[in-house]
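Asks: Here it is, the structure in full.
What follows draws every value from the coordinates through simple rules; no lab data is involved. This structure is a prediction, so every number in the text was calculated from the model and none was measured. Every residue, glycine as well, gets a Cβ built from its backbone with ideal geometry; the counts of neighbours run over all protein chains shown.
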Amino acid sequence: MIRCPACGFENLPNSLFCEECGEPLFHEEKLTVKLVSLTDGWKIEMPLEGEIIIGRADPAAGFRPHLDLSDKGGLEKGVSRRHLRLFRQGGKVYAEDLGSSNGSFINNRRLLPFSPEPLASGDEVRLGGEILKIYLEG
């Protein structure tokens, strides 16, 4: 039996969420994504909590991605407003092209739109003309 840390309910083995209160029974360790632009040399670190959307802001639609490449030449480099999504699932990190105009590539291999692919620390990700080295730390 697995005891829920939130409410104390005893859940069946292999349960992922508490049957009583719905809380996750296992919390994944914190993970930080470090992105290094091989194109321009800038660096940014951000926690991977849920998902990270990379793209450009769209003020008219009220959309702002988690990582906005507008001020880093995103438009000129062909980065779409909603270009790439990073997320965790089952202990792995995935990258998913969100139907971008110029495509997303992992290590020079094109991603199919809306078909998540596993991502490893040190992989090179290309969004249009922006090339990023991605490090997963945690």
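Asks: Using amide H atoms built in the peptide plane, which far-off residues or other-chain residues are under 5 Å from ARG56 H to H?
Replies: It is LEU69, ARG81, ARG82, HIS83, by chain and number.
Asks: By the scheme Lys and Arg +1, Asp and Glu -1, what is the net charge of all other residues having a beta-carbon under 13 Å from that of ILE52?
Replies: Overall, the nearby charge balance is 0.
Asks: Still on this structure, please answer the following. Compare the peptides 115-125, 8-18 by average per-residue count of other Cβ atoms within 10 angstrom and give them in order, highest first. Please report the intermediate quantities before stating the final value.
Replies: Working: 115-125: 14.6, 8-18: 12.1.
Those peptides, ordered most packed to least, come out 115-125, 8-18.
Asks: Looking at the stretch 30-138, which chymotrypsin sites (Phe, Trp or Tyr not before Pro) are DSSP coil and have at most 12 other C-beta atoms within 10 Å of their C-beta? Don't skip to the answer; put the middle values down first.
Replies: Values: sites: TRP42, PHE63, PHE87, TYR94, PHE105, PHE114, TYR135; in loops: TRP42, PHE114.
Passing sites in the stretch 30-138 are TRP42, PHE114.
Asks: Cross-link partners among aspartates and glutamates for LYS72, C-alpha distance below 12 Å, same-chain residues fewer than 8 apart left out?
Replies: ASP40, GLU130
Asks: So, one more: So what's the stretch 94-138 giving for Cα Rg divided by 2.2 N^0.38 Å, two decimals?
Replies: On the way: Rg = 10.0 Å, N = 45, 2.2 N^0.38 = 9.3 Å.
Normalised by 2.2 N^0.38 Å, the Cα Rg of the stretch 94-138 equals 1.07.
Asks: Also, quick follow-up: Between the stretch 88-105 and the stretch 40-71, how far is it from one alpha carbon centroid to the other, in angstrom?
Replies: 14
Asks: Something else: Among the trypsin sites (Lys or Arg not before Pro) in the stretch 1-67, which ones are in a DSSP loop with at most 14 other Cβ atoms within 10 Å of the Cβ? Mind listing them?
Replies: LYS30
Asks: Can I ask one more? Taking the Cα centre of the chain as the origin and placing charges on Cβ (Lys, Arg +1; Asp, Glu -1), which of LEU111, CYS18, HIS66 is farthest toward the positive end of the dipole?
Replies: Among LEU111, CYS18, HIS66, the one farthest towards the positive end of the dipole of the chain is LEU111.
Asks: Something else now. Report the per residue volume, in Å³, of the convex hull enclosing the C-alpha atoms of the stretch 11-51.
Replies: Cα convex hull per residue, to the nearest whole number: 81 Å³.
Asks: Between THR39 and residues 5 or more places away or on another chain, which pairs have amide H atoms under 5 Å apart, with H built 1.01 Å from N, and which residues are they?
Replies: Amide H neighbours of THR39, under 5 Å, 5+ apart: ILE131.
Asks: Ratio of Rg to Rh for the stretch 1-79, alpha carbon only, Kirkwood?
Replies: 1.23
Asks: Starting from the eigenvalues of the Cα gyration tensor, five times each then square-rooted, give me the equivalent ellipsoid semi-axes of the chain, largest first, whole Å. Can you show the working numbers first?
Replies: Details: eigenvalues 223, 49, 37 Å².
That gives 33, 16, 14 Å for the three semi-axes.
Asks: Run the reach check for LYS92 against aspartates and glutamates, Cα to Cα strictly under 19 Å, same-chain hits fewer than 8 apart removed. What comes back?
Replies: Cross-link targets: GLU28, GLU29, GLU45, GLU49, GLU51, GLU117, ASP123, GLU124, GLU137.
Asks: So, one more: What does the charge count around SER80 come to, taking other residues whose C-beta lies under 15 Å from its C-beta (Lys +1, Arg +1, Asp -1, Glu -1)?
Replies: Cβ neighbours under 15 Å give a net charge of +3.
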